[in-house]
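Everything on this sheet refers to the single structure shown next.
The values are calculated or read from the model by the stated rules, or taken from the named source; none is laboratory data. Predicted model only: the values in this text are computed from it and were never measured. Quick reminder, even Gly has a Cβ in these numbers, built from the backbone with ideal geometry, and neighbours come from all protein chains shown.
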Amino acid sequence: MKKKIITIFQYTFFFLLGILFVWLTIKDVNQEQWNNIKLAVANARLWLFIPVILLLILSHLSRALRWKILMEPLGYKPSTFNTFSAVMIGYLVNAGVPRLGEVVKCTLLSRYENVRADKLIGTIVVERAFDALCLLIVFIFALWSEGEVIGEYTKSLFQSFFSDKAGDISVLRIAIFFISIVAVITLISFMLKKFGHLDFIAKIKNVIYGIWLGLNSFRYIKNKMAFLFHTIFIWAMYLLSSAAGIYALKETDHLGLGAGLSTLAIGSVGMIITPGGIGAYPWLIEKLMSLYEISASTGKALGWLLWSAQTIIILIVGVICLALISSYNKNRKKHESN
């Protein structure tokens, strides 16, 4: 019962956060701006969103193939369809309840491929670690290529977080930030050792052990080059889809690949903040476009078009996979039994 209450609270919080960003996006839009948004969409090269959708689907397929590579050292060789379906259904669940999708996709694969879900959680950690690294690289390249546009803005954000009242960088604030991280890690370690005899703590330790096994799986990947290829390919598809979306609007078609990099970086943050990026993604893209001196109405149009393309894929493909995965595995079992 307590777990259900926490889940409901978590869902409600992130859903309301998404609604807040939606409100922030539209609260100051007057009739003239609505007309400009409609005009920007009407004059857009909407056909370009077909390759955008195809690029994103390819990135999801590549993610599924990369996940299969991570599972090989654990002795698991799931079918590509089941793996892809688990990925898409996970995205679908994440659009409603943040982070639950990761658990669901591991549970689904465990159900249909007879693999241990706790070990799969470890592979998810490896994936997220590489994705975080890729996102950091994207930010670095975006700052390097678009430094004149977003460099000063990023610098001001950093200074506001780590600066004192006089506006100088505070060594004390930076030290407190890193000390807090070390303290939290130390406290968790102490709790696991001190209360390891309790059932609840024992379950947590088992999960951590499963994660450790998954992390170690990267050391034993048979085809590391394939894993790295898929990692690069996934983010390359993200970048190309962002750049294609920017080119689709005539008001932004001059911005180029550099703007695609910054859109990918900032948009990824929006996807993390709220379920499926609802509200947060368009709002952040609008603010980013303002740094390029793009009007608010065009920024809104671009943000919502890019977000809609990503969300439509997740909804349609996720629902199709959810509808087919059960029958696919029934037919698969019949075929294997024959």
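A few notes on this one:
- Residue tally, condition of a type in the set (Ser, Thr, Tyr), surrounded by 21 or more Cβ atoms within 10 Å (Cβ to Cβ) and over 12 Å from the mean Cα position of the chain (by Cα), over the stretch 244-279: 3
- Hey, MET71 modelled with pLDDT of 80 or more, under 30 Å from LEU305 (Cβ atoms) and hydrophobic (A, V, I, L, M, F, W, C) or not: no
- So VAL269, is it within 16 Å of GLY303 (Cβ to Cβ), among the aliphatic types (A, V, I, L, M) and at pLDDT below 90: yes
- Test for LEU239: is it among the hydrophobic types (A, V, I, L, M, F, W, C) and either more than 21 Å from LEU55 (Cβ to Cβ) or over 15 Å from the mean Cα position of the chain (by Cα) (or both): no
- Residue check for LYS194: at pLDDT 75 or above and either surrounded by fewer than 17 Cβ atoms within 10 Å (Cβ to Cβ) or within 30 Å of ILE294 (Cα to Cα) (or both): no
- Condition met for GLY303 (in contact with a Pro (Cβ under 6 Å, 6 or more places away or on another chain) and either more than 21 Å from LEU56 (Cβ to Cβ) or part of a helix (DSSP H, G or I) (or both)): yes
- Being over 23 Å from GLU113 (Cβ atoms) and crowded, with 20+ Cβ neighbours inside 10 Å is a property that does not hold for LEU92.
- Considering the stretch 231-243, the residues that are farther than 12 Å from CYS134 by Cα, crowded, with 21+ Cβ neighbours inside 10 Å and not polar (S, T, N, Q) include one that is modelled with the highest pLDDT, namely MET237.
- When the stretch 138-175 is filtered for residues that are modelled with pLDDT of 75 or more and surrounded by 12 or more Cβ atoms within 10 Å (Cβ to Cβ), the ones remaining, listed by number, are VAL138, PHE139, ILE140, PHE141, ALA142, LEU143, SER145, GLU146.
- Of the criteria (1) more than 28 Å from LEU74 (Cα to Cα); (2) in a helix (DSSP H, G or I); (3) touching a helix residue (DSSP H, G or I) at 6+ places or on another chain (Cβ under 6 Å), which one THR231 fails: (1)
Conditions tested, residue by residue: (1) closer than 23 Å to CYS134 by Cβ; (2) in contact (Cβ under 8 Å) with a residue 60 or more places away in the chain.
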| position | (1), (2) |
| --- | --- |
| ILE53 | yes, yes |
| ILE57 | yes, yes |
| SER62 | yes, yes |
| LYS77 | no, no |
| THR83 | yes, no |
| ALA95 | yes, yes |
| VAL104 | no, no |
| TYR112 | no, yes |
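- From GLU286, GLU293, GLU251, residue being on the phi > 0 side of the Ramachandran plot and at pLDDT 80 or above: GLU293
- Filtered residues of the stretch 268-289 (kept if assigned to a helix (DSSP H, G or I), hydrophobic (A, V, I, L, M, F, W, C), touching a residue at least 40 places away in the same chain (Cβ under 8 Å) and over 17 Å from LEU135 (Cβ atoms)): TRP283
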